[in-house]
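I have placed the structure first, in the form of structure tokens, so that the comments after it can refer back to it.
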Amino acid sequence: MSSDCIFCKIARGEIPSKKVYEDEDILAFHDINPIAPVHFMIIPKRHLANLYDADMNHQALLGKLLGKAGELARSQGLADGFRTIINTGRIGHQEVYHLHIHILGGPEPLGSMLKRK
Ligand code: AMP
Ligand code: ZN
């Protein structure tokens, strides 16, 4: 737990969120500032900053976060596919330092992953 982490606060119910799914370990909720018609995030309830800080002790949790992605995407109507993004650190343009998996989709293809320079 991290007292001033915004996603910890969401996980504790101190900040409201538009929930997609919740169990004892993980929470999924819609992004407040979506960049695709469907844009939600899956997070662990326990604070973990990012993949850089994760190790094999987090194996089961990381498996659960990804293992739920398909089911939750289906629940949001993403039958034709979706994009999964995990931003890490400054280079990865991570804004919220609590691990989260973005799930993005919509009726139209999302375009290429990164713009080529
Ligand atoms: P990242 O750049 O991967 O750290 O993305 C952080 C994401 O969290 C952004 O897409 C924000 O729109 C989203 N976000 C920030 N605050 C909230 C909030 N209170 N509820 C839902 N999503 C949020
Ligand atoms: Zn946190």
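Once fully extended, how much extra length lies between residue 2 and residue 55, figured as 0.36 nm per residue of separation less the alpha-carbon to alpha-carbon distance?
Between residue 2 and residue 55, full extension yields an extra 17.2 nm.
Where does the chain land at 222 nm, in deg cm²/dmol rounded to the nearest 500, when only DSSP H runs of n ≥ 4 count, each adding -39500 (n - 2.57), divided by all residues?
Only helices count here, giving -5000 deg cm²/dmol.
Within region 89-117, name every residue whose backbone N is under 11 Å away from a label modeled 7 Å from Cα of residue 80 along the Cβ vector.
106-110
When the Kirkwood radius is taken over all Cα pairs of the chain, what Stokes-Einstein diffusion coefficient follows at 20 °C and 1.002 mPa s, in µm²/s?
145
What does the accessible area per residue of the chain come to in Å², with a 1.4 Å probe and no ligands, DNA or RNA counted?
In whole numbers, the chain has 67 Å² accessible per residue.
Provide, for the chain, the number of lysine pairs with alpha carbons under 24 Å apart, each pair being eight or more places apart or on different chains.
13
At a Förster radius of 30 Å, what calculated FRET efficiency corresponds to the Cβ-Cβ distance of residue 64 and residue 115, to the nearest 0.05?
0.40
The values are calculated or read from the model by the stated rules, or taken from the named source; none is laboratory data. A quick note: this is a predicted structure, and the numbers were derived from the prediction, not measured. We place every Cβ from the backbone using ideal geometry, glycine too, and count neighbours over all the protein chains shown. Accessible surface is based on the protein model in full, side chains and every heavy atom, while ligands, DNA and RNA are left aside. Shrake-Rupley method; radii C 1.70, N 1.55, O 1.52, S 1.80 Å.
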